[in-house]
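Here is the structure we will look at, set down as structure tokens.
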Amino acid sequence: MSEREMGLRARLVAVGVDLVAEEGVQALSLREIARRAGVSHGAPRRHFPTHLELLSAIAREGFAELGTLVAEELRDEEKGPRAQLAALAGLYVEFGLSRRGMYELMFRHDLLESDSLGLRETSLPLFNSLADLVSRARPDVRAPEVAGALWANLHGIVQLWGWGSLRLATGTDGVEPFVRSALDAHLGPEPR
């Protein structure tokens, strides 16, 4: 692939990243991405044979960004696994709330091709980091299942807070109490 073709491929992905941030997943049509990239509506097909492949490339950018944030957070080895889990959970929820469109796309596997474009290789290490921390914080539990349940709980917090449901139902002003409660529910109360 020539440098010019690589440039167009990267531009299509960058336009998609911007578009999902501005208008959400529903705006990610091939035609709109091509229009904003300044190319014909057929041009994306030369680089992404299917719409799913382009969406997967866009989602990969979101996973890469979240992965970078997680790696930076986990560099602080002075924190114990429970404190690292709390930081990771807070970071995950903040990412989901501040990047709603990208977050939604990243977890819409009905819209993505997980086996292509390195998407699985970008997304699975995030879950593995969570499972590793759970294993270190609670060696007595089956870490993948507890990590999966915690992840689902955090995902639910993001969705329900984003929709306004949690605030309405509980009158709570922020998500932090829900994140702490999720950690306590899946790991047990924090030792005092």
Point to revise | Table column - 3J(HN,Hα) (Hz), region 77-88, Karplus curve with 6.51, -1.76, 1.60, x for Gly and Pro | key: 7, 6, 6, x, x, 5, 5, 5, 4, 4, 5, 5
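How do L154, L126 line up, fewest other C-beta atoms within 10 Å first?
L126, L154
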Point to revise | Computed lengthening from E22 to L74, 0.36 nm per intervening residue step minus Cα-Cα distance | key: 15.8 nm
Point to revise | T172 long-range amide H proximity, modeled H, under 5 Å | key: none
Review point. Using a Gaussian network model of the chain with C-alpha springs under 10 Å, which one of G148, G16, G101 is most mobile by mean-square fluctuation?
Key: G148
**Study point:** Net dipole in debye of region 51-187 [+1 Lys, Arg Cβ; -1 Asp, Glu Cβ; about Cα centre; nearest 20]
**Key:** 320 debye
**Study point:** Cα-based shape type of region 51-187, given that a ≥ b ≥ c are square roots of the gyration tensor eigenvalues and the cut on a/c is 1.5
**Key:** oblate
Point to revise | Highest average packing first - 180-186, 133-139, Cβ atoms within 10 Å | key: 133-139, 180-186
Study note, to complete from the structure: Here the longest stretch of the chain that holds no GluC sites (Glu not before Pro) in a DSSP loop having at most 11 other beta carbon atoms within 10 Å is 79-192
Practice item. Take the Cα gyration tensor of region 1-49, multiply each eigenvalue by 5, square-root it, and list the three semi-axes largest first, rounded to whole angstrom. Key: 19, 11, 8
Point to revise | Dipole-positive endmost among I33, L55, A169 within the chain (Cβ charges, Cα centre) | key: I33
Check your understanding: Considering only DSSP states other than H, G, I, E and B, which trypsin sites (Lys or Arg not before Pro) in region 68-99 qualify as loop sites with at most 12 other Cβ atoms within 10 Å?
Key -> R75
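Just so you know, all these numbers are worked out from the coordinates, no wet-lab data involved. These numbers were taken from a predicted model, which means no experiment stands behind them. Using ideal geometry, Cβ is built from the backbone for each residue, glycine included, and neighbour counts are taken over all protein chains shown.
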